[in-house]
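Read through the structure below, which is laid out as structure tokens, and then see the notes.
What follows is calculated from the coordinates using simple rules that are stated; it is not laboratory data. Not measured: the values here are computed from a predicted model. Positions of Cβ are generated from backbone atoms using ideal geometry, with glycine treated the same way; all protein chains shown enter the neighbour counts.
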Amino acid sequence: MFESLTDKLSNTLRNLRGGGRLTEDNMAEALKEVRTALLSADVHFKVVRDFIDRVKAECTGQEVLKSVSPGQQVVKIINDELTRLLGEGANELAAKRPLKIMLVGLHGSGKTTSTAKLGLFLGKKEYTPLLVGCDIHRPAAIDQLETLAQQESLAFYSDRSARDVSRIGKDALKQAKQRNADAILFDTAGRLQIDEELIEEIKKLRAEVQPDEVLLVADSALGQEAVNVARHFHDAVQLTGIVMTKLDGDARGGAALSMKAITGVPIKFAGTGEKPGDFETFHPDRMASRILGMGDVVSLVEKAQESIDQDEAEKMAEKMRKADFNLEDFLTQIRQVKKLGSMESIMGMLPGMSGVKIGDKETSRFARTEAIILSMTPRERQNPNLLNGSRRMRIAKGSGTRVSDVNQLLKQFTQMRKMMKSMKGKKGKKMMRSLQAQMGEGKGMPNLPGMR
Amino acid sequence: MLGLYRKFKEGLSKTTSRLFGSIGGLFGGGELDADSVDSLEEALYGADFGVQTTEEIIGEIQEAFRREKELRARDASAIGGTVLRRVLKGSEAELLPAASPPTVVILLGVNGSGKTTTAAKIGYRLQEEGSSVLIAACDTFRAAANEQLKTWCERLDLELISSQHGADAAAVAFDAWQAARSRGKDYLLIDTAGRLHNKANLMRELAKIRRVLQKHEPGAPHHAILVADGSLGSNSIEQARVFHREFGLTGVAVTKLDGTSRGGALVGIYRELGLPVYFLGLGERAEDLQPFSVDNYVNAIFPAEPAEAESRG
């Protein structure tokens, strides 16, 4: 359904053998594939051209390694180059107190939400944020920011009667002093980069409040337009950073590369969900894999780590080792897997995979298993051997399932326990070692940090 | 109705000729050379047509170029127009009334695509055409979404069923339908919360709205419109694909084309999914939402002199 770039490149470079060299000729077809991959990730065509030239220069003359396929080798070169380009520059906010930040961007890019998220983020870093509503154009935009500020218990200021945004800015700075706020965030109205009147408005605001940071908030699904947007805003208000939003979608996010390459403005933050906490510092390596269509595997692993309680997991591992595993533990395990979210939402994080439909059946099976275990008494859960016919009947009735479902679950459980017992001995250790060895030699994806 | 059409034509041609001027400018009177094919390719990618559509149009132009060495450059523009017109044939959608009122129109889309604004603008347009309209605020998730719609409705004198933050969107839709029926409204417009298409649970919430509406009227919603941000790239196609699969769309509206964006993704959406286009959003004012016209769109992108193109065949 969806061939990875590595596969495609391996295919175009199949005639190369270890010891040969990468040349302009044998690279031509491969570079065409890279070009298509970047263009379909919405990278600006001029940026694509420059990037391809650079990769060509980088690759030409390199010896084809024997240990990996030429396709993998080229992908690694591209991935590294992309990561370097995306990550260039100061990705941190200016270390100042008070810290004044202005957020600008197109309509619907997520400025108001990002203002609240950044406020919360700075709040956790021992700042006292003040959110300032400067969007006097979109109906109810100020209400939206105020509601978000209230939800997160952040200070908020705006003046709904003001017709002049720089007035709001000026008053907000006074307010910040009075309230001892040392991070002042100005949420501005969405505007087109070519709307001179509105651009004049943020220029005036910038002159009035003298921000330390001017952040462009940009939708990660932006198309070729991204370049015009970034360039115009940069010319008008001298951007100091970019916030990529809606990265929880499945857009490949080529806009990030376009904007970075054209303006040189560093990308500082990423919005990764609808909740105010879904906001993080920018990771160029993940963005690079994403643009190349290799999926944001690292975020996936992190999500798994966040959802699974570390202590619980260790306790479980210990139990498994001792083969001392009862139905109570089984239940805990099921619940942890459920916390990860449905398989669908996990698959959704991989580009091109949001179309895959799985999960509902699995999810309902989890729910049924949970119901069955919950219909047992604690004693029964700890000692499943107690479960005779009449107990099983009672459990089936209590959980709204059939006795055959209960039997099936118990059979599954017994098999699991048997397997754990067999892992206990010497033979088990050997098995584990070979398993580990297999996992360690993960093939295919170059430069994947953090996979443990 | 005729007057309205004229207004639209003027509006679109004025805006789009400014917008798309840069592409038209590639075709002077000289000969089509490799360079102009290059710049044509750039322009098509630049308009977010996407890899597939761009390659097809370029392919056809190059083939014509090979057949007739003397092809004048502006004929290439005509070929481009012909190919695009063929690709977009049948892509104009209309808000036809249902057999029995209210005609239910639901607006869907990802966050920030412009659903709420588009709902208000469609309401205004229908009302100007003499239909009665009720708008239902079913975005119960985003902070102050209800207030935003309310302000629009007051401005444009539209009737609104508002909702509480956090309320069940399907329940609001259910009540709104009843209200529209009992007040004898011709159209019911439903604004929904923005959601990314890869969030399965949020997509299921939409399915619930449909189920609940169908308890009233099995044919509802009669029009399910994806509101797509015209400045986005190829992801719009993925958005349309998933919304279509999960909910069943009848078409799209492409917003925010008053900048320098060209909304070329609509071509990809129509090619791949067969979803026609209802409206283009060409500005911030209520009357800037215009019905989609293939001719105007194509002419705006490939401004050709038809007489000459025809005579050369």
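Kindly rank A:69-81, A:208-220, A:161-173 from highest to lowest mean number of other beta carbons found within 10 Å of each residue. Show your work: numbers first, answer last.
Working: A:69-81: 21.6, A:208-220: 23.4, A:161-173: 17.3.
Going by the mean number of other Cβ atoms within 10 Å, highest first, we get A:208-220, A:69-81, A:161-173.
Annotation: amide H-H contacts under 5 Å for B:Ala224 (H modelled 1.01 Å from N, sequence separation of 5 or more, or interchain): B:Ile106, B:Thr250, B:Gly251. Over the stretch B:201-313, the Kirkwood radius and the radius of gyration, each from Cα atoms, give a ratio Rg/Rh of 1.08. Shown here is the pair-distance distribution of the stretch A:73-183: with all Cα-Cα distances grouped in 5 Å bins from zero up to the longest one, the shares run 2, 11, 19, 20, 17, 10, 7, 6, 5, 3, 1, 0, 0 percent. Considering only Cα atoms, the convex hull volume of the stretch A:107-165 works out to 77 Å³ per residue. What the pair-distance distribution of the stretch A:1-160 shows, using all Cα-Cα distances binned every 10 Å from zero, is 9, 27, 18, 15, 18, 11, 2 percent. Quick one: of the DSSP bridges fully inside the stretch B:103-292, what percent are antiparallel, nearest 5? Within the stretch B:103-292, antiparallel bridges account for around 10 percent of the total. In this structure, A:Asp195 and A:Leu374 have a Cβ-Cβ separation that, at R0 = 56 Å, corresponds to a calculated FRET efficiency of about 0.45.
From the alpha carbon centroid of the stretch A:174-235 to that of the stretch B:205-219 is 41 Å. Counting Lys +1, Arg +1, Asp -1, Glu -1, what net charge surrounds B:Phe174 among other residues with beta carbon under 12 Å of its beta carbon? Net charge around B:Phe174: +2.
The string of couplings for the stretch B:245-258 from the Karplus curve (6.51, -1.76, 1.60, θ = phi - 60°) is 5, 7, 10, x, 9, 10, x, 10, 10, 10, 9, 6, 9, 8 Hz, one whole number per residue in order, with x for Gly and Pro.
Centre-to-centre separation between the Cα atoms of the stretch A:52-115 and those of the stretch A:384-417: 54 Å. For the listed residue pairs A:Lys125/A:Lys268; A:Lys174/A:Lys204; A:Lys117/B:Lys208, the alpha carbons are over 22 angstrom apart in A:Lys117/B:Lys208.
Per residue of peptide A:270-282, the mean number of Cβ atoms on other chains within 10 Å of the residue Cβ is 1. Per residue of peptide B:45-55, the mean number of Cβ atoms on other chains within 10 Å of the residue Cβ is 4. Taking a Cβ cut-off of under 11 Å around B:Leu88, the surrounding Lys, Arg, Asp and Glu residues balance to a net charge of +2, with basic ones at +1 and acidic ones at -1. Pairs from the list A:Lys32/A:Lys66; A:Lys100/A:Lys177; B:Lys199/B:Lys256 with a Cα-Cα gap above 18 Å: A:Lys32/A:Lys66; B:Lys199/B:Lys256. Per 5 Å bin, what percent of the C-alpha pairs of the stretch B:103-292 does each bin hold, from zero upward? The percentages, shortest bin first, are 1, 9, 18, 22, 22, 16, 9, 2, 0.
Give me the dipole magnitude in Debye, nearest 20, for the stretch B:103-292 about the Cα centre, with unit charges on the beta carbon: positive for Lys and Arg, negative for Asp and Glu.
Values: 22 positive and 21 negative charges, 119 e Å.
About 580 debye.
Report Rg(Cα)/(2.2 N^0.38 Å) for the stretch A:227-287, keeping two decimals.
With N residues counted in the stretch A:227-287, Rg over 2.2 N^0.38 Å equals 1.12.
Distances between placed amide hydrogens fall under 5 Å for B:Leu289 paired with B:Leu282, all partners being 5 or more residues away or on another chain. Across the stretch B:275-286, computed HN-Hα scalar couplings (Karplus, 6.51 cos²θ - 1.76 cosθ + 1.60, θ = phi - 60°) run 8, x, 10, 7, 9, 10, x, 10, x, 7, 6, 4 Hz from first to last residue, x flagging Gly and Pro. Proximity of backbone amide H atoms, modeled 1.01 Å from N, is registered between A:Phe279 and A:Thr272 at under 5 Å, excluding neighbours fewer than 5 places apart on the same chain.
Other residues within the sphere of radius under 9 Å centred on the Cβ of A:Ala236, judged by their own Cβ, net out at 0 (K and R +1, D and E -1). Take each residue of peptide A:38-48, count the partner chain Cβ atoms within 10 Å of its Cβ, and average: the result is 4. Taken one residue at a time, the phi angles of the stretch B:86-93 give Karplus couplings (6.51, -1.76, 1.60, θ = phi - 60°) of 5, 4, 8, 4, x, 9, 8, 10 Hz. Gly and Pro are set to x.
Counting neighbouring beta carbons within 10 Å and listing from fewest to most, the residues B:Met203, A:Met259, A:Met27 come out as B:Met203, A:Met27, A:Met259. Each peptide in A:232-242, A:82-92 receives the mean, over its residues, of other Cβ atoms within 10 Å, and ordering these scores from highest gives A:232-242, A:82-92.
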